[in-house]
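The values are calculated or read from the model by the stated rules, or taken from the named source; none is laboratory data. What you see is a predicted model; the values in this text were computed from it and never measured. Here the Cβ positions follow ideal geometry from the backbone for every residue, glycine too, while neighbour counts run over all protein chains shown. These area figures cover heavy atoms from the full protein model, side chains too; ligands, DNA and RNA do not enter into them. Shrake-Rupley method; radii C 1.70, N 1.55, O 1.52, S 1.80 Å.
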Amino acid sequence: MQVFIIRSNGECHELKDEDKPIKELIKSDQCYIITDDDDRVVYLWKGNESPVRHKFIGATASQKMRGNLGLNYSLLSVDE
């Protein structure tokens with residue numbers, strides 16, 4: 001699995017920390033894209049405290065990432 005934080009300008013940056021589980025990497029005031037290559041799923045994880053603008057940008061970025069990975073990936077939106 002890969003975890004990407006979504007910046008307010010629409011860029012996605014991968015978070016890399018092999019020692020921590022995903023739940024310790026994500027924060028309630030952010031939106032993240034999580035890709036699962038085994039199940040072919042792109043998740044848009046939206047924190048409870050994330051601004052509406054970040055959620056909108058995340059929806060656009062997750063669609064773009066799904067397109068880059070392939071249309072055989074499904075896209076799921078997950079609220080914290």
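Descriptive notes on the structure:
- The relative contact order of the chain, computed from alpha carbon pairs under 8 Å that lie at least 6 residues apart in sequence, is 30 percent.
- Sparsely packed loop sites in region 9-80 (the trypsin sites (Lys or Arg not before Pro) outside DSSP H, G, I, E and B with at most 10 other Cβ atoms within 10 Å) comprise LYS16.
- Percent carbon-and-sulfur accessible area, the chain, ignoring ligands, DNA and RNA, probe 1.4 Å: 46 percent
- Annotation for region 1-76: GluC sites (Glu not before Pro) lying in DSSP loop with at most 11 further Cβ atoms inside 10 Å of their Cβ are GLU11, GLU18, GLU49.
- All C-alpha pair distances within the chain, sorted into 10 Å bins from zero, spread as 20, 56, 24, 0 percent across the bins.
- If you plug the beta carbon distance of LYS27 and THR60 into 1/(1 + (r/R0)^6) with R0 = 22 Å, you get a FRET efficiency near 0.60.
- Separation in nanometres of the label points that stand 7 Å from Cα toward Cβ, at ASP38 and VAL78: 1.3 nm
- When shorter helices are ignored and each DSSP H run of at least 4 residues is given -39500 (n - 2.57), the per-residue value for the chain at 222 nm works out to -8500 deg cm²/dmol.
- Partners of LYS20 within straight-line reach, counting lysines whose Cα lies under 21 Å from its Cα and excluding those fewer than 8 residues away in the same chain: LYS46.
- Share, in percent, of DSSP beta bridges within the chain that are antiparallel, nearest 5: 70 percent
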